[in-house]
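Below is one structure, written out as structure tokens, with a few remarks after it.
Nothing in this text is a laboratory measurement; each read-out follows from the coordinates by a stated rule. All figures in this text were calculated on a predicted structure; none of them were measured in a lab. Note that each Cβ is placed from the backbone with ideal geometry, even for glycine, and that neighbours are counted across all protein chains shown.
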């Protein structure tokens with residue numbers, strides 16, 4: 001009786017360990033990790049390194065699996081568009097003001113700093129949204 005109970009517990013525990021190993025392998029192969037670099041963001045999936053792409057275009061198809069990841073990814077893209085718009089408009093205003101030959105006031109530097117600051121804050125917010133969408137994607141793999 002004790003031997004059969006021991007054998008059945010052994011079989012159940014080994015099956016449990018085997019299924020956890022299968023889940024672990026699936027998670028290892030399909031999970032996504034971000035890498036930040038000087039020349040743009042990259043992501044790792046299954047040991048391969050991929051570029052995120054402009055505004056996350058190359059990563060977008062990966063996020064389509066999980067609806068919660070899609071919501072966070074859309075917020076990331078919105079923040080990126082706003083940050084890029086602020087940076088472009090701010091840069092254009094600075095160039096326009098410097099092209100005015102009679103302009104001698106140096107307050108343009110303060111407005112340039114404010115523009116760069118807001119663009120930087122929004123870019124960091126966008127990056128945190130991207131991390132959140134990837135976290136939700138990876139979380140869905142464990143279900």
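The figures follow:
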item	result
Label-point separation, residue 82 to residue 24 (7 Å along Cα→Cβ), nm	4.2 nm
Relative contact order [Cα under 8 Å, 6+ residues apart], the range 39-143, whole percent	35 percent
For 73, 98, order by how many other beta-carbon atoms lie within 10 Å, fewest first	98, 73
Inter-label distance for residue 71 and residue 96, nm, one decimal - labels placed 7 Å from Cα along Cα-to-Cβ	3.9 nm
Packing-based exposure ordering (other Cβ within 10 Å, fewest first) of 61, 42	61, 42
Neighbour-count ranking [beta-carbon atoms within 10 angstrom, fewest first] of 97, 143	143, 97
